[in-house]
Each structure stands twice: as structure tokens, then as C-alpha cells.
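Here's the structure we're looking at; comments come further down.
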Amino acid sequence: MKIKIAPSILSADFSCLEREIKRVESAGADMIHIDVMDGHFVPNITIGPVVVKYMRRITKLPLDVHLMIKMPEKFIDDFVAAGSDIITMHIETISASRFEFQARRLERKKVKVGISLNPATPFNKIKDVLDLVDLVLVMSVNPGFSGQKFIPSVIPKIKKLRSIFTGDISVDGGVNDKVAGRLINAGANILASGSYIFGARDVKGAIERLKNAGKQ
Ligand code: DX5
Ligand code: ZN
């Protein structure tokens, strides 16, 4: 599978968002990862649909919207209207049957569907919804903030998932060139990465190092 890199905009300088998006776009980013936090599901508040709407005007790259919010159903339509290409919900925030309903709606609107799970959430929790999703976003930190340390115990979860799932597997949290190889070899094909990419002086080099990490 082709390895794709999703720079996480939360680590960007928000005073010049357009420049930051162009910086990763020209450096080879495959999509933009957007962390939406509500201060309830996670202890932080970040981006709403209005920001996504303006990001949509700046780039043609797919917008990969990661909803870390307690009531995702309330806001899905707003994020779709804002121009999201992928909408990922957390299994900790929605039942399988409610998720199915939303996934089918998104499918009709030609928006890709993702499900995410926290490091402590067992793989079994997402089993029933795997048939409904294009993407599984495996959290490798406890969601809430950029710049946290990667939790290596999620690697067996990625391997297990890849043994039964042919869609996209994205890993999010603490991803850098030191862990990327292990993630790709375990079966991940998308790496979401914030501080490693936006903190790099050579962003192109950082993205290339992540993309090629599985080759060694
Ligand atoms: C964590 C977010 C991540 C985060 C990644 O709650 O979902 O997307 O911004 O940032 P780094 O790569 O710095 O951990
Ligand atoms: Zn994220």
C-alpha cells in the first residue's frame, strides 16, 4: 500500500494558517489532518466548522477531520458542509447502531468514514463497525494535545487490525521518524503527524523520512 502522510494542523502556527498549509502541501503532504476537540471528550478545545470552511478554500488536499467530541452526530452535517473529505468519529462517543446510521449518511454524501479508538480501548470495540468504514484511526496517545509521547503498546492492535481489515489504517499521536517504520511494518498506511512535521526546519525531508521509514 502507498504510504500517505497527514500533517496534523494542530501543530501549525495559527496566525498564518494559509502559509502553514502551503508549506506542508508543497512538501508532499497527502492530506491535512484536522483535530476537532470540544473540551468534553478531551481536555482541550480547538477547531470548528468555520475554520474548516476557510481551510477548504486554501487547499485541494483531502481534509481529514478527526472528531474528538462527545456528541459527533450534532456536528457532522456542519463539517460536511464545510468541505470535509473524511470524517472520523471515536467509538467511545457513539454506539455501533448510531454509527451505522451516520456512516450510511456520509456514504451517500460521498464523504469517507473513519472510526477511531483510544490507546486503552480494545480492538473488539470497533469490530462491529469495520464493514462500514474506509479508515480506522488508531490513537497512539491519549487524545487532547499535540506533542505527546508515542505509546508503543498500540502496535499489536495495528497488526491485529491489518490481519482482517483492507481499508486505510492511520496512526495518530507521537508519530516521528523513529516510530514510523514499526507502524508501517505493522500495517499502517497513513501517518498523522503534528509536531514532528511542523517542528521540522526541513518539512519536505521530514515527510520523506516518514514515507520511507518502512523501507529499511
Ligand atoms: C491528538 C491529536 C493528534 C495530534 C498529533 O489528540 O489527535 O492528531 O495533533 O500531534 P503529534 O504528532 O505532535 O502527537
Ligand atoms: Zn488527530
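Any read-out appearing in this document is the output of simple, stated calculations on the displayed coordinates, not a laboratory observation. Just so it is clear, the structure is predicted and the values come from calculations on it, not from any experiment. All Cβ positions, glycine included, derive from the backbone under ideal geometry; neighbour counts span all protein chains shown.
Percent of alpha carbon pairs in the chain separated by more than 24 Å?
36 percent
With unit charges on the beta carbons (Lys and Arg positive, Asp and Glu negative) and the dipole taken about the Cα centre of the chain, which residue among Ile115, Ser84, Gly167 sits farthest to the positive side?
Gly167
Please state the equivalent ellipsoid semi-axes for the range 170-212: what are the square roots of 5 times the Cα gyration tensor eigenvalues, largest first, in whole Å?
Output for the range 170-212: semi-axes of 17, 10, 8 Å.
In 10 Å bins starting at zero, report the fraction of Cα pairs in the range 48-148 per bin as a rounded %.
Result returned by the calculation: 15, 49, 31, 5.
Test of understanding: what is the full-extension gain from Asp13 to Asn142, defined as 0.36 nm times their sequence separation minus their Cα-Cα distance?
44.2 nm
At 10 °C and a viscosity of 1.306 mPa s, what translational diffusion coefficient does Stokes-Einstein give for the range 97-216, taking Rh as the Kirkwood radius over Cα pairs? Give it in µm²/s as a whole number.
For these conditions, the coefficient is 106 µm²/s.
For the chain, give the share of DSSP beta bridges that are antiparallel, in percent and rounded to the nearest 5; count only bridges with both residues there.
Roughly 5 percent of the DSSP beta bridges within the chain come out antiparallel.
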